[in-house]
Amino acid sequence: MKRSKCVLVAERLAERITKGDYTVNGFPSERKLADEMGVTQKTARKAIQQIVDEGLVHRLPNGRLKVMNGGKGSKEGFKQIAFLTPEWYSPVILLLQDALLKISHSMNFTMRIVPYFHNDDPVIKNTISGFDCTFMVTSEEPAAKTIIPEIKNCRRPVISLTNDWSRQGIPSILLHNPLFMTRMLEHLNSLGHRRIDCLNVQPYISIVPENISSWKSWLSSHGLKGRLFNKPVEPGTYTLPAAYELVDRLIKEKKFDSRALVCVTSKAAIGAIRAMADNGIRAGHDVAVCTIGAIEDFPGSFEYSIPSLTSIATPDPGPFLSACIRQAKTGKWKGPLLISPENAEVAVRESTVPGIRRVS
């Protein structure tokens, strides 16, 4: 038996609500919905009443419709989780997004990717207010923290990704840890290096100062020496050419005599290796080069460079994301607000050990 247009429209609306389509921008008017669905306004009104009766939307005193948070499965736990992200691509965003999508299948919730364009974008507050829980890829800019009071006023679980907002009372996941520097220095030291230099061209924000501090402290505590090549670029500047130009200039001015070089990011390492190659210096043979930028190695791209680049093995964000969801469901956070890897593994490759067999 052919189903009525009213039933078909109601089913489409229910599916959209389940997927979070109306959570951020609100539910459309009867007239707009009728035009979109190609039905009469009377049919649209009946379909809306059906989903009101099912508890998917609520009619406010002013006549407007509000999507009920979490849809019809909200009593069973989180049903809609937002991945709130800036409108730009990075390997770490893709890594986190993919991990959360996989978790959504096992924990039975819908993940909705919601882009925002600036730190005061209204979509941020609308998303956090509308979804059961929000994982937000936060900005490194100091101005980004001005939205924290508004985030807290939403009284919904929010987890900061890629930046530490734990001191502001926001649970945070950092896939990077100053421990990464320690592990890489231990690797270079095990190869017999007694002088280990450090290269940085990243802006002095986020975890960069901690990494450089860890490098200095470790060398001092082990009685080793090292030189810091530090020329931070302006925020938003592509760092690979900056690293190339810095190392190329140092070589040409005969100011580069490193035998072991740990780079704060993979872009710095790649730029340095190319500059060395253009000046007849072989990475891995003449200079051991490595990076602590583990989360930039996705999906395993360092394995395929020439030479393959020694790095910290990329940590799996899945367990951290799952733990945050379980904590958020309880309504009361227990334990540290900052979650990050407690250990690190060095993926040894040709840039520090020439001739090593590929690991994959």
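Tabulated values for the structure
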read-out	value
Scan of region 196-225 for residues that are within 19 Å of Ser311 (Cα to Cα) and in contact with a strand residue (DSSP E or B) (Cβ under 6 Å, 6 or more places away or on another chain), ordered by number	Ile196, Asp197, Cys198, Leu199, Asn200, Trp215
Ser220 being surrounded by 15 or more Cβ atoms within 10 Å (Cβ to Cβ) and either over 22 Å from Phe256 (Cα atoms) or free of Cβ contacts under 8 Å to residues at least 60 places away in the same chain (or both)	no
Flag for Ser166 being outside the structural domain of Thr291 (by TED's automatic domain parsing) and in contact (Cβ under 8 Å) with a residue 24 or more places away in the chain	yes
Ser129 small (Gly, Ala, Ser), closer than 23 Å to Ser322 by Cα and in contact with a strand residue (DSSP E or B) (Cβ under 6 Å, 6 or more places away or on another chain)	no
Qualifying positions in region 215-245 - within 21 Å of Thr352 (Cα to Cα) and part of a helix (DSSP H, G or I)	Trp215, Lys216, Trp218, Leu219, Leu240, Ala243, Tyr244
Qualifying positions in region 300-323 - assigned to a helix (DSSP H, G or I), at pLDDT below 95 and crowded, with 20+ Cβ neighbours inside 10 Å	Phe302
Neighbours by Cβ (under 6 Å, 6+ apart or cross-chain): first from region 85-108, within 13 Å of Phe135 (Cα to Cα); second at pLDDT 95 or above and aromatic (Phe, Trp, Tyr)	Gln97/Phe83; Leu100/Phe83
Residue under evaluation Leu175, criteria (1) touching a Lys or Arg at 6+ places or on another chain (Cβ under 7 Å); (2) not in a helix (DSSP H, G or I), criterion not met	(1)
Ile212 being assigned to a loop (DSSP other than H, G, I, E, B) and within 24 Å of the chain's Cα centre (by Cα)	no
Count of residues meeting criterion [under 20 Å from Val262 (Cβ atoms), surrounded by 15 or more Cβ atoms within 10 Å (Cβ to Cβ) and of a type in the set (Asp, Glu)] in region 153-208	1
Residues of region 115-129 classified as free of Cβ contacts under 8 Å to residues at least 40 places away in the same chain, part of a helix (DSSP H, G or I) and surrounded by 15 or more Cβ atoms within 10 Å (Cβ to Cβ), total	2
Failed condition for Tyr304, given (1) without any contact (Cβ under 8 Å) to a residue 12 or more places away in the chain; (2) closer than 30 Å to Ser106 by Cα	(2)
Near pairs, Cβ below 7 angstrom, 6+ apart or cross-chain, from region 248-261 (more than 13 Å from Ala272 (Cβ to Cβ)) to any residue that is of a type outside the set (A, V, I, L, M) and surrounded by fewer than 22 Cβ atoms within 10 Å (Cβ to Cβ)	Arg259/His193; Arg259/Arg195
Scan of region 30-85 for residues that are within 30 Å of Thr138 (Cβ to Cβ) and modelled with pLDDT of 80 or more, ordered by number	Lys79, Gln80, Ile81, Ala82, Phe83, Leu84, Thr85
Verdict on Glu11 being exposed (fewer than 13 other Cβ atoms within 10 Å of the Cβ), charged (D, E, K, R) and closer than 24 Å to Ile113 by Cα	no
Gly169, sole failed condition from (1) within 18 Å of the chain's Cα centre (by Cα); (2) over 23 Å from Pro315 (Cβ atoms)	(1)
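The values are calculated or read from the model by the stated rules, or taken from the named source; none is laboratory data. Note that the structure is a prediction, hence the values are computed from the model and not measured. Please note: Cβ atoms are built from the backbone with ideal geometry, for glycine as well, and neighbour counts cover all protein chains shown.
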